[in-house]
1. Against the condition touching a residue at least 60 places away in the same chain (Cβ under 8 Å), over 20 Å from the mean Cα position of the chain (by Cα) and either surrounded by fewer than 20 Cβ atoms within 10 Å (Cβ to Cβ) or closer than 30 Å to Val212 by Cα (or both), how does Thr272 come out, does it pass?
2. What number of residues within region 128-161 are within 21 Å of Gly66 (Cα to Cα) and assigned to a helix (DSSP H, G or I)?
3. Working only within region 275-292, note down all residues that are open to solvent by 20 Å² or more (accessible area, probe 1.4 Å) and farther than 17 Å from Gly244 by Cβ.
4. What tally of residues in region 52-92 results from selecting those that are assigned to a helix (DSSP H, G or I) and under 20 Å from Asn282 (Cα atoms)?
5. Would you mind finding the one in Ala140, Ala91, Ala96, Ala67 that is of a type in the set (Gly, Ala, Ser) and on the phi > 0 side of the Ramachandran plot?
6. Counting just the residues of region 25-41 that are in contact with a Lys or Arg (Cβ under 8 Å, 6 or more places away or on another chain) and modelled with pLDDT of 95 or more, which one comes out farthest from Gly182 (Cα to Cα)?
7. Six or more apart or on different chains, Cβ atoms under 9 Å: show the pairs whose first residue is in region 94-119 and without any contact (Cβ under 8 Å) to a residue 24 or more places away in the chain and whose second is crowded, with 20+ Cβ neighbours inside 10 Å.
Amino acid sequence: MKIFAAAALAFAAATGTVVAQDFPNKPVTIIIPYSGGGSTDLMARSLATELQEMWGQPVVVENRAGAGSMIGTAYLSQQQPDGYTLLVNTAAHSTAPAVQKDLPFDPKTDITPIGMVATSPYVAVSGANVKSEGFDQFVAEAKERPMFFATAGVGSSSHFSAELLIQQAGIPADVVHYSGGGEAQVNLMGGHADVYISTTASVMPYVNNGQVKALVVLAPERFELLPDVQSSGENGVEGIEIDGWLGLFGPGGMDPALVEKLNADMNKAISTDRFKKVLEENFVVAGKTTAAEFKEQVEKEMDLWVGLAKERNIVAQ
């Protein structure tokens, strides 16, 4: 029996390696769990272009938006773990499960993290109602006039990063939820909110055209691509060692050899000159993680946000 079991394991490993080496031999679909036109959509489509050229097979992109990215993620969880259906998502993959208790899948076992496509710190930006030019001034202003933080919705990464900053910096503030990042930023620019936090890819176009001001990078040190923007760490605010990211995922139960191939191909794709240009234009840097490293980070963040949801009494509305 021991010999039979060992032989079966060896056969399974060999079969997995063959499948990985043969992948892909037909079109691949990448799900984007958001509407088209945003920074996530842009970078996911750019990744699809690189992979299609590398694989010599069509890579079809589908937008399946809703429920803070969980509709598209739930769809992925129901697909075969053969690598032919993948998903590109933001750090909302880690935050949403902290408040959405009725998900039709287990976020740790029914989804396979493959690799980090891009990463950058979160940046807090302010609208015209905020007079401060930097984070040190903003904290003082917030204590004179409680601020309104706009979010892209309950359980979004903008929501949890706002709650974390408010808690760690001791800022008097209220949180106002909108139906998405676009609506939140429109209300910020219209003076209906004071602060919004998101990734550089999301907010920097509005900073560059003067519609909002960059207040602070949520990180121990300044971000290399935004050297003139203060960091929370240099202002004495600790406990905010988080980054925004864009990641590639597959269904749960994928063969490890296939996951490793997809990770290697993804890292090759994000290293091309054409994709590097997309990264630079969005003020983000390449992720370059192994599958194991990415999985560890995703699950660590899930646990962090579950804890913060309990501390701040954050529940789905």
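The values are calculated or read from the model by the stated rules, or taken from the named source; none is laboratory data. Please read all numbers here as calculations on a predicted model, not as lab measurements. Positions of Cβ are generated from backbone atoms using ideal geometry, with glycine treated the same way; all protein chains shown enter the neighbour counts. Note: accessible area is taken over every heavy atom of the protein model, side chains too, but ligands, DNA and RNA are not part of it. Shrake-Rupley method; radii C 1.70, N 1.55, O 1.52, S 1.80 Å.
1. Values: touching a residue at least 60 places away in the same chain (Cβ under 8 Å): yes; over 20 Å from the mean Cα position of the chain (by Cα): yes; either surrounded by fewer than 20 Cβ atoms within 10 Å (Cβ to Cβ) or closer than 30 Å to Val212 by Cα (or both): yes.
So Thr272 fits the description; yes.
2. To start, the set of residues in region 128-161 that are within 21 Å of Gly66 (Cα to Cα) comprises 150-161.
If we keep only those that are assigned to a helix (DSSP H, G or I) as well, we get 157-161.
Going through region 128-161 one residue at a time, the tally reaches 5.
3. Of everything in region 275-292, those that are open to solvent by 20 Å² or more (accessible area, probe 1.4 Å) and farther than 17 Å from Gly244 by Cβ turn out to be Lys276, Lys277, Thr290, Ala292.
4. Here is the first cut: in region 52-92, the ones assigned to a helix (DSSP H, G or I) are 52-55, 67-77, 92.
Next, only the ones that are under 20 Å from Asn282 (Cα atoms) stay: 92.
Looking only at that region, the number is 1.
5. On the way: Ala140 fails: on the phi > 0 side of the Ramachandran plot; Ala91 fails: on the phi > 0 side of the Ramachandran plot; Ala96 fails: on the phi > 0 side of the Ramachandran plot.
After applying the criteria, what remains is Ala67.
6. Filtering region 25-41 for residues in contact with a Lys or Arg (Cβ under 8 Å, 6 or more places away or on another chain) gives 31-33.
In the following step, the residues that additionally are modelled with pLDDT of 95 or more were identified as 31-32.
Values: Ile31: 20, Ile32: 16 Å.
Here the answer is Ile31.
7. none
Per-residue answers, yes or no, for (1) small (Gly, Ala, Ser); (2) under 26 Å from Leu225 (Cα atoms); (3) at pLDDT 95 or above:
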site	(1), (2), (3)
Gly252	yes, no, yes
Pro256	no, no, yes
Lys268	no, yes, yes
Asp273	no, yes, yes
Leu279	no, yes, no
Val298	no, yes, yes
Glu301	no, yes, no
Gln317	no, no, no
